[in-house]
1. Between the range 336-377 and the range 178-230, what is the separation of their alpha carbon centroids in Å?
2. What is the extension gain from residue 250 to residue 375, computed as 0.36 nm multiplied by their sequence separation minus the C-alpha to C-alpha distance, in nm to one decimal?
3. Using R₀ = 51 Å, calculate the FRET efficiency as 1/(1 + (r/R₀)^6) where r is the Cβ-Cβ separation of residue 413 and residue 57; round to 0.05.
4. Quote the relative contact order of the chain in percent (integer), defining contacts as alpha-carbon pairs under 8 Å separated by 6+ residues.
5. Test of understanding: extend the Cα→C-beta vector of residue 282 to 7 Å, then name every residue of the range 249-269 with backbone N under 18 Å from that spot.
6. How many nm separate the modelled label positions at residue 107 and residue 15, each set 7 Å beyond the Cα in the direction of the Cβ?
7. Would you calculate, for the chain, the mean residue ellipticity at 222 nm contributed by helices, counting each DSSP H stretch of 4 or more residues as -39,500 (n - 2.57) and dividing by all residues, to the nearest 500?
8. Grab the beta carbon distance between residue 68 and residue 93, set R0 = 30 Å, and tell me the FRET efficiency rounded to 0.05.
């Protein structure tokens, strides 16, 4: 029988306040006898009685629980100082058993993979360590006035003025990047992903629309300053200097450690399972997640085709994912056609499809707008990044240089940051 369970039950007898504090349920113990003993403890506690050795020995079915001798043996295993560790171990063992049970039931009943993953994910989400004492929290922030904040937790966006406004991408936060088609959403996302990778983060790109080959070729074009059209036939179309530069570009991109998943119609549970797998291969890197794009994520339920409810579920799940993995999540979104019918075509919140919950759950909302796309005569070839919601700072518009032929994005030199 498990030593951990004996120490656990012994500690409950020795310091009965632990029974109020523990998150372990009787069902989560492995031994049938231990389950019964803990159930009796809970009953005694509810009846307002003490849960000590004396009260336990008054139980009518004492013998079936192992008698006086077994209970005193349990008490001898008590170790109140190490209780937290014991509790954690019991939950870990329970999780492992539960996973095995799920796989057995799944095999017998021929479950779909998605259902298996969702069930396993539920178990993994049972968290023990979401507690921080104020002392811990204060000691973490103690050095803040003397430390460069950007290095602590956030990922640079690779756009200086955007970092100034948003503080970069923060762990636990969801950023929505929304625009009409052809505004450069994917290019901006890939720019963010490259920059995150080069600064030591682990970029995970879930592309539900564009296949991996296309993403790779876009990354090479924007990094090497190559016109995208040439990527269809590099041998014939690249200039000699571009060919000479090719291996440097590949090596640079290799260093981002970017991971690309291009399966269509993935659910959040599948995305989480894939994240967990990759993160375990890079234990020393913090992940940052990019999803292209919101309404292509499949929800776990059908909701009778009600798009609003589906988007609400997905938007909540994105926020939970960012929190659970303590990483930034950047999700792209398409905007309604209603933009096209307005004189001023700069996007607004109401242009996000089914926007209510997205607007509420996101920490930062960025819109993209290119004047030159609508007005062919325009001299203005910049791309506007409109910070329309910013939980931790000001809103405003930042212009960057965007080369629509290569997909490259860079800071504009002159100051043109309009903060509201």
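1. 21
2. On the way: separation 125, 0.36 × 125 = 45.00 nm, distance 3.57 nm.
So the extension gain works out to 41.4 nm.
3. Values: r = 82 Å, r/R0 = 1.61.
Taking R0 as 51 Å, the efficiency between residue 413 and residue 57 is 0.05.
4. Numbers: 636 pairs, mean separation 69.0, N = 420.
Reported as a whole number, the value is 16 percent.
5. Taking a point 7 Å out along Cα→Cβ of residue 282, the residues of the range 249-269 whose backbone N falls under 18 Å are 250-263.
6. Placing both labels 7 Å along Cα→Cβ, they lie 4.2 nm apart.
7. Numbers: 18 runs with 193 residues, N = 420.
So the helix-based figure for the chain works out to -14000 deg cm²/dmol.
8. Details: r = 28 Å, r/R0 = 0.92.
For R0 = 30 Å, the calculated efficiency reads 0.60.
Coordinate-derived values only; no laboratory data. Keep in mind that this is a model prediction, so the values were computed, not measured. Backbone-built Cβ (ideal geometry, glycine too); neighbour counts: all protein chains shown.
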